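Asks: One structure, pasted below without further comment.
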């Protein structure tokens, strides 16, 4: 077999194109940005004949139905999921004949009740290949609390049994191909690599050597915080998402029309330009989420599910931005600013700027009472903080903005300056401030020797 990994460093996920015979391939856990899979298959002269999903995903909208519409591939789903769209249900222990490859489905509940892992066996290969979803990942496993708090302990016990027994009969040289990985809010792992082998995990994965009591009691305490949009993704994937062609693309709007649309209830302006461009000039009330790998996560975390989006673009292609919005369930687009911020300025519409200072320039601000605000994740605080900083992770900021100190400037920082730009825009929208951004974030603070 030949396996192509598509790694998404923003979501911390991987999906796989697997050549199963001459001219035929299978996709495992594809997301909604399907153009890359189709292009890779075309470049390799492969027809995608099947899509296998390990579980109902909470962190992205599945691309399975999109692939079926484009290729006619059959979609295989866990029978336990009971999805509402046409599919081929797969039961634990079932063996699927996919050309030259036999695929065995293993029940591996824990991350999700319906979770399956797939073992691919090709007669010409020395070892099978394990596609483990979130049941086993490099250095850890995927969290067990996304199906509801009432199921967390139950699923955690299932996860322990899965880790101890589900893969015990597979040889150590079995390649491990998980969906989730380091950087995913779905997982708790320690590896920087996305793939591994069972031998490597048996030797190094700390979860495999825990007692059942320690696992059940301590492992859930290591779960990362849960992005707000996770609560709705499983339902979207259970029902079956709309096809990309059914989503109306945003239309270009002249500055005056854009401003009128931004004033309508339920609309929100998302400025996807780089932090420097946003800081130099932006429209009042725009939410800054720089377009990068983690853009979908922060969009889903910070923007209401029913929002109608207005986009301020930089150099990134509109199709790519729309794909990333749709990846986390946003499908309502009012338009984009035709001509960008320059057209906005030329139309005489008001602009605002975000002051940004380097670490060496913070002394006078702190002396006049500026309040440092740290918007990093809790685990990042272990690397140090600015003295006297208030910690509010970015995902919590919309609800916490009203609790922040008033009457003095807020010096906002993250690790590098990306999230703090978003935080500053949220504070501006909430009428909190004045706000100044620490250029380069805490990394620049440390480099300047300010610790």
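The numbers here are math on the coordinates, done by the rules we state, and not lab data. In this text the structure is predicted, and so the values were computed from the model without any measurement. No Cβ is skipped: glycine too gets one built from the backbone with ideal geometry, and neighbour counts run over all protein chains shown.
Asks: Rounded to the nearest 10 degrees, what's the angle between the helix 152-161 long axis and the longest principal axis of the chain, both from Cα atoms, 0 to 90?
Replies: Taking the Cα atoms of the chain, the angle to 152-161 is about 40 degrees.
Asks: Nearest 5 percent is fine: what portion of the DSSP beta bridges confined to the chain is antiparallel?
Replies: Among the beta bridges of the chain, antiparallel pairing accounts for roughly 45 percent.
Asks: Go ahead and run the numbers for FRET between residue 4 and residue 88, Cβ-Cβ distance against an R0 of 25 Å, rounding to 0.05.
Replies: 0.65
Asks: How far is helix 318-327 tilted off the main Cα axis of the chain, in degrees rounded to 10, range 0 to 90?
Replies: 60 degrees
Asks: Right, here's the next one. Relative contact order for the chain using alpha-carbon pairs under 8 Å, separation at least 6, rounded to a whole percent?
Replies: Relative contact order for the chain comes out at 12 percent.
Asks: Something else now. Full extension from residue 161 to residue 242: what is 0.36 nm times the residue separation minus their Cα-Cα distance, to one decimal in nm?
Replies: That works out to 25.6 nm of additional length.
Asks: Starting from the Cα of residue 126, step 7 Å toward the Cβ, then list every residue of segment 179-211 with an amide N under 20 Å from that point.
Replies: In segment 179-211, the label zone of residue 126 (backbone N under 20 Å from the point 7 Å along Cα→Cβ) covers 195-203.
Asks: Arranged by the count of other C-beta atoms within 10 angstrom, fewest first, what order do 301, 238 take?
Replies: Final ranking by Cβ density, sparse to dense: 238, 301.
Asks: Now for a separate question. By how many degrees, between 0 and 90 and to the nearest 10, does the Cα long axis of helix 418-430 differ from the longest principal axis of the chain?
Replies: The answer is roughly 60 degrees.
Asks: Ranked highest first by the average count of other Cβ atoms within 10 Å around their residues, in what order do 117-124, 419-426 fall?
Replies: 419-426, 117-124
Asks: Sum -39500 (n - 2.57) across every DSSP H segment of at least 4 residues in the chain, then divide by the residue count to get the 222 nm mean residue ellipticity, nearest 500.
Replies: Calculated at 222 nm, the ellipticity per residue is -7000 deg cm²/dmol.
Asks: Sorted from fewest to most neighbouring beta carbons within 10 Å, what does the list 87, 111 look like?
Replies: 87, 111
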